[in-house]
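Report on one structure; see the data block that follows.
The values are calculated or read from the model by the stated rules, or taken from the named source; none is laboratory data. Not measured: the values here are computed from a predicted model. Note that each Cβ is placed from the backbone with ideal geometry, even for glycine, and that neighbours are counted across all protein chains shown. With ligands, DNA and RNA removed, areas are computed over all heavy atoms of the protein, side chains included. Shrake-Rupley method; radii C 1.70, N 1.55, O 1.52, S 1.80 Å.
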Amino acid sequence: ANSISTDRIEWATHRRWFAAKLKQPGSFFLVAEIGGVFAGQLRYAVTESEALVSVSISDLFRGRGLAAPLLTEGNRKLFSAFPSALRINAFIRPDNKASVKAFERAGYRFESRVSMNKVRLGKYAAKR
């Protein structure tokens, strides 16, 4: 799995979490569709001058190079909607080479190695 947490999440738990996220002022969600079919989503959590991004691409569209342009456009929209945001952070599993390449193509640069929930990750950032 590519997520930081690989624990199984019950649908009802996810629905409650999602409803609460939508109400948070710093939450910014974008959905990508191709031909009317869900292709992926970006989720940003904005606090003051920084944002944290999470991306997922539908299984139907993986391997088609969609993540980098989706991130590029999403970042543009995020910076426009949140003028105080100066940088967007991403935490990526080092063994997820496809994600690392996609984020780098979208302008993210490696900053450091970190541990989150006992998982080693690379911290990447894109700046305004």
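Taking the criterion of being free of Cβ contacts under 8 Å to residues at least 40 places away in the same chain and outside any strand (DSSP E or B), would at least one residue in the stretch 110-118 satisfy it? Among the residues of the stretch 110-118, at least one is free of Cβ contacts under 8 Å to residues at least 40 places away in the same chain and outside any strand (DSSP E or B), which makes the answer yes. Which number in (1) more than 17 Å from Arg128 (Cβ to Cβ); (2) open to solvent by 50 Å² or more (accessible area, probe 1.4 Å); (3) more than 15 Å from the chain's Cα centre (by Cα) marks the one condition that Glu48 misses? It is condition (1) that Glu48 fails. How many residues are touching a Gly at 6+ places or on another chain (Cβ under 9 Å), open to solvent by 40 Å² or more (accessible area, probe 1.4 Å) and either of a type in the set (Val, Ile, Thr) or within 22 Å of Gly36 (Cα to Cα) (or both) when one looks only at the stretch 67-109? Count: 1. Going by the conditions given, is Phe29 touching a Phe, Trp or Tyr at 6+ places or on another chain (Cβ under 8 Å), part of a strand (DSSP E or B), open to solvent by 40 Å² or more (accessible area, probe 1.4 Å) and of a type in the set (Phe, Trp, Tyr)? Against the criterion (touching a Phe, Trp or Tyr at 6+ places or on another chain (Cβ under 8 Å), part of a strand (DSSP E or B), open to solvent by 40 Å² or more (accessible area, probe 1.4 Å) and of a type in the set (Phe, Trp, Tyr)), Phe29 qualifies.
Under 24 Å from Gly26 (Cα atoms), part of a loop (DSSP other than H, G, I, E, B) and open to solvent by 20 Å² or more (accessible area, probe 1.4 Å), is that true of Gly63? Before you say what the answer is, go through the steps one by one.
On the way: under 24 Å from Gly26 (Cα atoms): no; part of a loop (DSSP other than H, G, I, E, B): yes; open to solvent by 20 Å² or more (accessible area, probe 1.4 Å): yes.
Spelling it out, it is not the case that Gly63 is under 24 Å from Gly26 (Cα atoms), part of a loop (DSSP other than H, G, I, E, B) and open to solvent by 20 Å² or more (accessible area, probe 1.4 Å).
Sub-7 Å Cβ pairs linking a first residue in the stretch 49-65 that is within 19 Å of Lys101 (Cβ to Cβ) to a second residue that is surrounded by fewer than 16 Cβ atoms within 10 Å (Cβ to Cβ), at least 6 apart or interchain, are Ser58/Phe38; Phe61/Ile34, ordered by first then second residue.
Only residues that are open to solvent by less than 60 Å² (accessible area, probe 1.4 Å) and aromatic (Phe, Trp, Tyr): list them for the stretch 34-45, please. The answer is Tyr44, and nothing else.
Listed here are the residues, each with its yes/no results for (1) assigned to a helix (DSSP H, G or I); (2) more than 15 Å from Arg128 (Cα to Cα); (3) not β-branched (Val, Ile, Thr).
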position: Glu73; (1), (2), (3): yes, no, yes
position: Phe79; (1), (2), (3): yes, no, yes
position: Phe91; (1), (2), (3): no, yes, yes
position: Gly107; (1), (2), (3): no, no, yes
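Filtering the stretch 32-56 down to residues that are among the acidic types (Asp, Glu) and assigned to a strand (DSSP E or B), which residue is farthest from Ala68 (Cα to Cα)? Talk me through it step by step, then tell me what you get.
First, the residues of the stretch 32-56 that are among the acidic types (Asp, Glu): 33, 48, 50.
Filter once more, so that each one left must be assigned to a strand (DSSP E or B): 33, 50.
Working: Glu33: 15, Glu50: 20 Å.
Among them, the one singled out is Glu50.
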